1. Would you say residue 939 is exposed (fewer than 15 other Cβ atoms within 10 Å of the Cβ) and in the same structural domain as residue 903 (by TED's automatic domain parsing)?
2. Tell me yes or no: at least one residue of the range 22-33 is in contact with a Ser or Thr (Cβ under 6 Å, 6 or more places away or on another chain), of a type outside the set (D, E, K, R) and within 30 Å of residue 223 (Cβ to Cβ).
3. State which residue is nearest to residue 167 (Cα to Cα) when the search covers only the range 118-137 and only residues that are polar (S, T, N, Q) and assigned to a strand (DSSP E or B).
4. Quick one: count up the residues across the range 138-155 that are among the aliphatic types (A, V, I, L, M) and part of a loop (DSSP other than H, G, I, E, B).
5. For residues in the range 156-178 being assigned to a loop (DSSP other than H, G, I, E, B) and either at pLDDT below 90 or hydroxyl-bearing (Ser, Thr, Tyr) (or both), which is farthest from residue 200 (Cα to Cα)?
6. Take the residues in the range 451-468 that are modelled with pLDDT of 90 or more and not β-branched (Val, Ile, Thr); name whichever of them is surrounded by the most Cβ atoms within 10 Å (Cβ to Cβ).
7. Within the range 335-344, is there a residue that is assigned to a strand (DSSP E or B), at pLDDT 85 or above and not charged (D, E, K, R)?
8. Free of Cβ contacts under 8 Å to residues at least 40 places away in the same chain and either closer than 25 Å to residue 81 by Cβ or not aromatic (Phe, Trp, Tyr) (or both): is that true of residue 58 in this structure?
Amino acid sequence: NLESDTYIYEIKCYDNPNGNIKDTSTITFTLDNIPPTSTISTISPNGSIIEMGERPYKQLFFQFFCEDQPQGPPQESGCVKIEYCAAAQPCTPYIVPSGEYMDPFTNSGIYYLCYKGTDLFNNTEEANCNQFIIDNAPPILSITSPIDMSLSSSKIQTVMGLWNDTSAVSIFIKARDKNGIISEAVQANTSIENNLGSFTADIELFGGYNQIIATAYDLVGNSFSTSITSYLDSFGPTISEFNSYDDYGNTNHQNDINKALEYGQNWIFELKANDELWGDPNDETLDDIGITTVTLNCIAGTGCTSQPITLEFHANESFESFISSTHSHIAIYNTSTTQPLDSGNYSLTLSVEDQFGSITTLQQTIEVQDTIEFTPEIYNHQNQRIDQLSKNAEFSYPIEFNFISNKQSILDEITLTISHIVPSIYSSTNQMEHTNNTFTFTLDDDIIIGNYTADYEIKDRFGKIYRFNQEFVVHDTTEPSFTLTIKKDNITVDSVGYGIYTTIIRASEPLLQIDYLNYSFGSNKAAVTDITGSAQTWQGNLYIAPIAMYSNLDHASATFKIQAQDLNQLVGDQITNGSTFTINTEGPDAPQIFDPQEELIYTNQPQIYITGADKDWQPNLNILLRKNLASPNPLDPGWDISAQTQTSQSNPPINSWESSIYGEIIPNTLTSIIINDYSHLFAVGKFIEFSSTKLYNHKYHEITSLELYSDPEGVDELYTITFQPPLEKELTPTSQNINIYNSQIPTGWFEYNLPLNPWTNNIVAQGLDASGNYGTYSDIFTAIYDTQPPEFNQLTPPPLSYTNEEKPLIEATIIDLHGSINKNTITLTLGNITVNCTSATCASNEDGSEITISYLPPTNLETGWTNLTISATDKAGNSASSDWAFLMDGLSPTPPNIKLIPGNKITEGSPYTYYSNNTSPQIEITFSPFELIEVTNIELEKNNQPINDPFTLSTLSNYQFSATLNIPLQEETYTLKIYAIKQFPNGSWSEEAYWQYPFIIDTTTPTIDATIPEKTNTQLTIINLSYVEPYPHYINITGDVIPIQIDHTELYTPF
């Protein structure tokens, strides 16, 4: 291998064999393996070449130079190109400049410029990288002290802040006043620590407003300015308002025109001051006021001897201000905790200091007075004053004592002594209660008739005592009056029926005795018995006897007469208004229900149309429609009122009305029909109605003739009916509802669209008369409101399964938990064959809520997938269908049976669903014992996602296997997939088949709540059950009852 250099070779030619030189020649060449050397020059914007350093530049130009090492002769290969790149990190050159200069850098940042040269023989040098900084961004600058809108009392202000830049900076601080005058700039001291710069400088502030401006310049001339506002405050606060007042009579200071304060009252001093020049120019805060005091000095010779007292003001946050503006300060001299000042004149010295110690003072003079006024008043029960002796108190009625004073706040207590003129007869001492700025007392004692005195002892909280007395008279001129209330089961009523009721007698005053309390209704009379009581409340028993005792108890008005004596033997008589109470013991008869006529109805509509009539065709009768969702027994509880309507009002019918009939109609014309023999009904009336639904009182036709029509076969007697007016359209020759009336519009009928609850609705109608008496129930019918379609379970063969039977038994179980399945609607489609319960076998339970259809194909199925569809409609009209498929492979294994240990299998759903309360159940897999089986794989999925290595499979026999979980499972639904092949007698194996089984891990115990009436008078009762369990199986009820097990198929909801 030759190194890069110039080589000279001499060539000689000899003859042979003599060795004589025949000719000579020389060859010279250069071998170039040395890459060129490239350099750059940094050029400033003015064109001068500068040295690249660590300092930043606003922009830079670069010029490239490439030099190949001189060699020769003949010569070096020479530079061909220079490549470069620029990035935030060292990079591999790849850009060839268009000239000897590259474009200038102007974007701020730290860059690496890497370059390399290449000569003619493609010798390339190692890349060279130079770092440089471009800075076109201004410095980052902020003032941290003082804060914006700050207030200062010092003329020299220290300004501090933070800065950040790629190079050192110079920072200058200056101030501008409100007139725009700018102070001399001061250069700040700068420092940097942990890559964060700071600065500080002292400047002299203008008085008042100052805009402090800081400007930073970096090395390349970038600059940035920021500013804050600061105030220099050297003035004291301004006092705009100052007032002093007391809480005398709960009035304000405007009543104290001469600045006179009342002795013993709380004194309030309120101040409105603001450091408004600079500290708080908009009066927005209380913080601009510092220590503020008021000093009270007794003026000698005015009657006072108190020592000077100084009070400190605080911000008024809760006290009601009497100054019109906001932000006041108050000081309170509280006489409830401090001895009141003497009466006399006082000088006030107010001192207001701002937060910088500047003080403003103010002086005033006030006077302290000592007065007290009061006016006791006594009132009888009619709110008449009796202390003036023009009116008297009434025996046994309360007496009110009111002590009214204009200085309630300084009164400590008032003792009231009430005495008969002979104190031994009656005397009581009481403390009056202080409420609502008045001392009050209510005398409820039944004091006897006579003259009385009221003595008041008034004590203020400073120990002073005042006394006052009044006189009043008690007499008895009012006869007792009474109010009666009748209650049944502690509920007040105004209409009574059979039974015993409680009569409450309340007298206007205490009674000595009740002479009698009688009541009457019509010609019947009786007495309230067992009257007991005392004072003003008595009670007795009101007994309403069975109807046999009276000629009429239907809405009879009851009148009560009472006589009683008060404690002074003054007799009171009173007779109540006869319309106050009524005796009403008769309820309406059971209504007739015409539609629906069936005792059990299935529907998927949210309401059912009900028609009927009162038995006596009574108009305007309230009809209650009741529902019981639990029991059809009229004696059981739970018959809640679901709706209320009224019977119709019109002219009454001539004769009793006959129920509707149902006949086969053969239309003749719009005015003539032929009908089966119902001649016995035509004697009822001559009005006929036709309706496809059982509705009443619509369009009526008057029968004009009735003629016997001979049946050619002689089986039925047919009648031709002619009527008017004509029908609007011809009747169809189908079953119609026919109503016969004796008058065109019968009275007492009703109709209602009753909303239904889900599932069972036991419905009954009941009359309610105007007095609130409930009648007897009508016949009970049941409506099943079912919006859920049937469900399909136990599909056989299971979906997506394999079978080796050429004529497998095909089965499906249809379940409708809350209704019944219409057997005639069940169809099973197998390919192009459709069968029903006529061509297949259908087995039903007693109520038709579960039907299993079974079908055995008459011919062998072809190998491959077989598609099936099952459909059905329940009796409520809800339809559903389900599709599934299975693979017929005569060579595949027989489908296995699996078992979870511990676990359970619910035969609902397809394929069967398995449950376990263990997170690691063992799975047993059993095939046909006549087959040699190899399980090729067993998979476990959750949410359609496979679980890695879930099982360890053990072979128990040639058809039995066991799978043990390698990991515990969580509460979740899983899918188990089993893959297997079987061996044929010749030793070969079948194709792989698979089956899947869903199973659920459930370790949560169900919660259940049950309520039962504490007392019952029936052997059968209702238990209300509620439970929380997404996978119910059954509920057991045990105890002092016949044990019951409720299967999950009987539970109405899944929760």
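The values are calculated or read from the model by the stated rules, or taken from the named source; none is laboratory data. Here the structure is a predicted model, which means the values were calculated and not measured. FYI the Cβ positions are ideal-geometry reconstructions off the backbone, even for glycines, and counts take in every protein chain you see.
1. no
2. no
3. Of all residues in the range 118-137, those polar (S, T, N, Q) come to 118, 122-124, 128, 130-131, 136.
Remaining after also requiring assigned to a strand (DSSP E or B): 118, 124, 128, 130-131.
Values: 118: 37, 124: 37, 128: 26, 130: 19, 131: 16 Å.
Going through the qualifying residues, I end up with 131.
4. 2
5. Of everything passing the filter in the range 156-178, 178 is farthest from residue 200 (Cα to Cα).
6. Restricting attention to the range 451-468, the residues satisfying the condition of being modelled with pLDDT of 90 or more are 451-457.
From the residues that got through so far, the ones that are not β-branched (Val, Ile, Thr) too are 451-452, 454-457.
Details: 451: 15, 452: 23, 454: 20, 455: 14, 456: 19, 457: 15.
Selected residue: 452.
7. Yes; the residues of the range 335-344 include at least one that is assigned to a strand (DSSP E or B), at pLDDT 85 or above and not charged (D, E, K, R).
8. So residue 58 does not fit the description; no.
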